[in-house]
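A.B. asks: I have a structure here, written as structure tokens, and I will follow up with some questions on it.
The values are calculated or read from the model by the stated rules, or taken from the named source; none is laboratory data. In this text, all values refer to a predicted model and were calculated from it rather than measured experimentally. Backbone-built Cβ (ideal geometry, glycine too); neighbour counts: all protein chains shown.
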Amino acid sequence: MNELRRLWQLFQPYRAWMLVGTLAAILTLLANVMLMAAAGWFLTAMAAAGAAGVAMNYFTPAAMIRASAMLRTAGRYSERLVNHEATFRLIASLRVWFYQHLEPLAPARLQHYHSGDLLSRIRADIDALDTLYVRVLVPVVVANVSLLLFTIFLLIYHPLLALSGLTFWVLAGVALPIWSQARGRQPGQRIAEDEAALRSAVIDGVQGLAELTLYGAAERHAQHIDGLSRRLIADQARLSSDHGLTQAAVGLCAGLSLWVLLWIAIPLVESGRLLPPQLAMLALFMLASFEAVAPLPQAFQMLGRTLAAAQRLFAIVDTEPAVAEPSTPSPQPERFDIAFTAVSFSYPDAARPALTNITLQVPQGTRAAVIGATGSGKSTLFNLLLRFWAADAGSIRIGGHEILDFHGDALRRHIAVVSQHTHLFDATIRENLLLANPEASQDAIESACRVAQIHDFIATLPEGYDTWVGETGVRLSGGQGRRIAVARALLKDAPILLLDEPTEGLDAATERDLMQALDALMVGRTVLLITHRPAGLDWVDQVLVLDQGRELARGDVSVIPQAMQAVLLPLRAVE
Ligand SMILES: Nc1ncnc2c1ncn2[C@@H]1O[C@H](COP(=O)(O)OP(=O)(O)OP(=O)(O)O)[C@@H](O)[C@H]1O
């Protein structure tokens, strides 16, 4: 129920829309019931007048019927219009709200979530929330208001009629929904989970199709997906069959209520306390009144799924970011030297610290390399500098300011990164470049690409900078992708440059060309380079050698040959 309260708060900006939509729904229902009741009365009265050969004013009832029919049509149209508008606005704002909470959690707090699962939360779970408004809130309010009016209406004729109406409305509008909610809770939760699992499995399967085929595991993966779909379908089938049952039960209640109404009202007609046309009116009124309670069983059946979706969303929204944003404005550094002082850090649940007591000063405009074997903590140093994680001990400063005093975005504006894993978006080359600087002119883009030595290649493409690079840049080679990353970093024009094994996996000739492009990028910037290869170490000013998160040596390349040998010899042997 806590989720319901929190969701209601999120709906706050749309309450005026919701009020109008709900009023329109109430009006539509009342018009429909009035139409049926008035038609029943009118037909019987006309027949009775005809049989008795007396004149009767049919203008007023005919006008009432026409007015109800018009009101019903206009009400239905405006209810749909307003409620859809409110729902779409609500969904759009919920997506933004969720994304705003998701972004500060990346990457540290999201590493346990599969991207398919996150996608499912952003799409299916948020879609499920809108049902709370259209399928649950509106029907519940409409039912309460109209049943109150219906009861008063029946009381005018006889208390017993009101009592019997209430009994069947409560049966259809309260007992059936309670039953259907209890039955729908578990499958509803499972559907939310299974949809996410299915989406993850399908995305995994498509992305890893080459590996699955290579290792003959495609069939097994298909069976896994098949198993998940079957479970999903079984739960959906159960909900649908329950829905069918409840609809039949609502129909039964309506039929029984009519029968009881006749049983009470016929003696009233016989005793003259009710006129025959009133009997017909009440009978049709009773049947039509069940439209108020008919949507309730499904509404409560869906509640389980909606609440499960809300729980999954709040689980992310309530997660504390790994690094808290400061409450004060970010400092404006005047120089861009980097200073790590006695920094230690362990990842949650890690067996050993990733970094222990690391100190490194990189004066502005100089270049430092961090070398070490796999798992020695090099990337962790970058993660801490980029404020993706906060160090457990020690301090990291840029231009003399603690990096924890910067807002994450403000800090990262000063830093450009070129890594071996450059993510290229499924967009054009130009759009991928503009990510670094949306304001960049075509001239600026081209000159960055010239320095990165990729312009000539782009110029040969039929669509030039408007060439689509494909998902994750599959239509570019590794070296070309890396150069786009260099051009991006140039366009960002940040004073600090982090290079994470930028030439990893490239052949010697491509590596040499890329090094030239990187050389141009590094001019005038404070550079931190991660590498486990000797290439490039001749142009750095200092080296930090890491071994299992500890400093093995630090200083000029020439003054630490022993440590260099210790780390580089085994690596050279591998190469
Ligand atoms: N997100 C993470 N969560 C938990 N442990 C991590 C995480 N990232 C790294 N580690 C662990 O921290 C240690 C240091 O990892 P790090 O990635 O910094 O090493 P590295 O020197 O950059 O290695 P490589 O050269 O292979 O990239 C390793 O033991 C690794 O398993």
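A.B. asks: List every residue pair whose Cβ atoms lie under 6 Å apart, where the two residues are 6 or more positions apart in sequence or sit on different chains, the first residue falls within the range 108-135 and is assigned by TED's automatic domain parsing to the domain that holds Phe300, and the second residue, located anywhere, is modelled with pLDDT of 85 or more and within 16 Å of the ligand (Cβ to nearest atom).
C.D. replies: These pairs meet every condition: Ala108/Ala322; Ala108/Phe388; Ala108/Trp389; Arg109/Thr319; Arg109/Ala322.
A.B. asks: I would also like to ask the following. Give me the pairs, please: first residue somewhere in the range 419-446 and more than 13 Å from Val486 (Cα to Cα), second residue anywhere and aromatic (Phe, Trp, Tyr) and in a loop (DSSP other than H, G, I, E, B), beta-carbon distance under 8 Å, and either six or more positions apart or on two chains.
C.D. replies: Qualifying pairs under 8 Å: Glu431/Phe425.
A.B. asks: While we're looking at this one, here's another question. Might you let me know whether the range 79-95 holds any residue that is surrounded by 20 or more Cβ atoms within 10 Å (Cβ to Cβ), modelled with pLDDT of 85 or more and under 30 Å from Val323 (Cβ atoms)?
C.D. replies: Yes, that holds for at least one residue.
A.B. asks: Another question about this same structure. Mind checking which pairs have a first residue in the range 362-377 that is assigned by TED's automatic domain parsing to the domain that holds Asp538 and a second that is among the hydrophobic types (A, V, I, L, M, F, W, C) and near the ligand (Cβ under 6 Å from one of its atoms), Cβ under 8 Å, 6 or more apart or different chains?
C.D. replies: Filtered contacts from the range 362-377: Gly377/Ala354.
A.B. asks: Identify all residues within the range 255-274 that are in a loop (DSSP other than H, G, I, E, B) and out of contact with any Phe, Trp or Tyr (no Cβ under 7 Å at 6 or more places or on another chain); write none if there are none. Can you show your working first?
C.D. replies: Start the filter on the range 255-274 by keeping residues that are in a loop (DSSP other than H, G, I, E, B), which leaves 271-274.
Ser271, Gly272, Arg273, listed by residue number.
A.B. asks: Moving on. Have a look at Ala47, Ala31, Ala51 and point out the one that is crowded, with 17+ Cβ neighbours inside 10 Å and small (Gly, Ala, Ser).
C.D. replies: When all the criteria are applied, what remains is Ala31.
A.B. asks: Right, something else. Please list, ordered by first then second residue, the pairs with beta carbon atoms under 6 Å, 6 or more apart or interchain, first in the range 489-501 and polar (S, T, N, Q), second at pLDDT below 90 and away from the ligand (no atom under 13 Å from the Cβ).
C.D. replies: none
A.B. asks: While we're here: With the checklist (1) free of Cβ contacts under 8 Å to residues at least 12 places away in the same chain; (2) touching a helix residue (DSSP H, G or I) at 6+ places or on another chain (Cβ under 7 Å); (3) of a type in the set (S, T, N, Q) in hand, flag the one item Ser330 doesn't pass.
C.D. replies: So Ser330 meets the others, but not (1).
A.B. asks: Related question: Filter the range 501-553 for residues that are over 24 Å from Thr422 (Cβ atoms) and away from the ligand (no atom under 16 Å from the Cβ); which is farthest from the chain's Cα centre (by Cα)?
C.D. replies: Among residues in the range 501-553 that are over 24 Å from Thr422 (Cβ atoms) and away from the ligand (no atom under 16 Å from the Cβ), the one farthest from the chain's Cα centre (by Cα) is Asp538.
A.B. asks: So which helices (runs of 4 or more DSSP H) are wholly in the range 351-437 and hold at least 3 residues that are within 16 Å of the ligand (Cβ to nearest atom) and either on the phi > 0 side of the Ramachandran plot or surrounded by 22 or more Cβ atoms within 10 Å (Cβ to Cβ) (or both)? Step through it out loud before you land on a result.
C.D. replies: Values: elements: 378-385, 408-412, 429-434.
It comes to 378-385.
A.B. asks: Hey, among the residues in the range 326-350 that are of a type in the set (A, V, I, L, M, F, W, C) and more than 16 Å from the ligand (Cβ to nearest atom), which one's surrounded by the fewest Cβ atoms within 10 Å (Cβ to Cβ)?
C.D. replies: Here the answer is Ala342.
A.B. asks: Sticking with this one: Consider Val174 carefully, then state whether it is closer than 26 Å to Phe11 by Cβ, in the same structural domain as Asn32 (by TED's automatic domain parsing) and either among the hydroxyl-bearing types (Ser, Thr, Tyr) or crowded, with 16+ Cβ neighbours inside 10 Å (or both).
C.D. replies: On the way: closer than 26 Å to Phe11 by Cβ: yes; in the same structural domain as Asn32 (by TED's automatic domain parsing): yes; either among the hydroxyl-bearing types (Ser, Thr, Tyr) or crowded, with 16+ Cβ neighbours inside 10 Å (or both): no.
Criteria not met by Val174.
A.B. asks: Among the residues that make up the range 113-127, is at least one of them assigned to a helix (DSSP H, G or I) and among the hydroxyl-bearing types (Ser, Thr, Tyr)?
C.D. replies: Pass one, the range 113-127, residues assigned to a helix (DSSP H, G or I): 115-127.
Narrowing further to those that are among the hydroxyl-bearing types (Ser, Thr, Tyr): 115, 120.
Yes: one or more hits.
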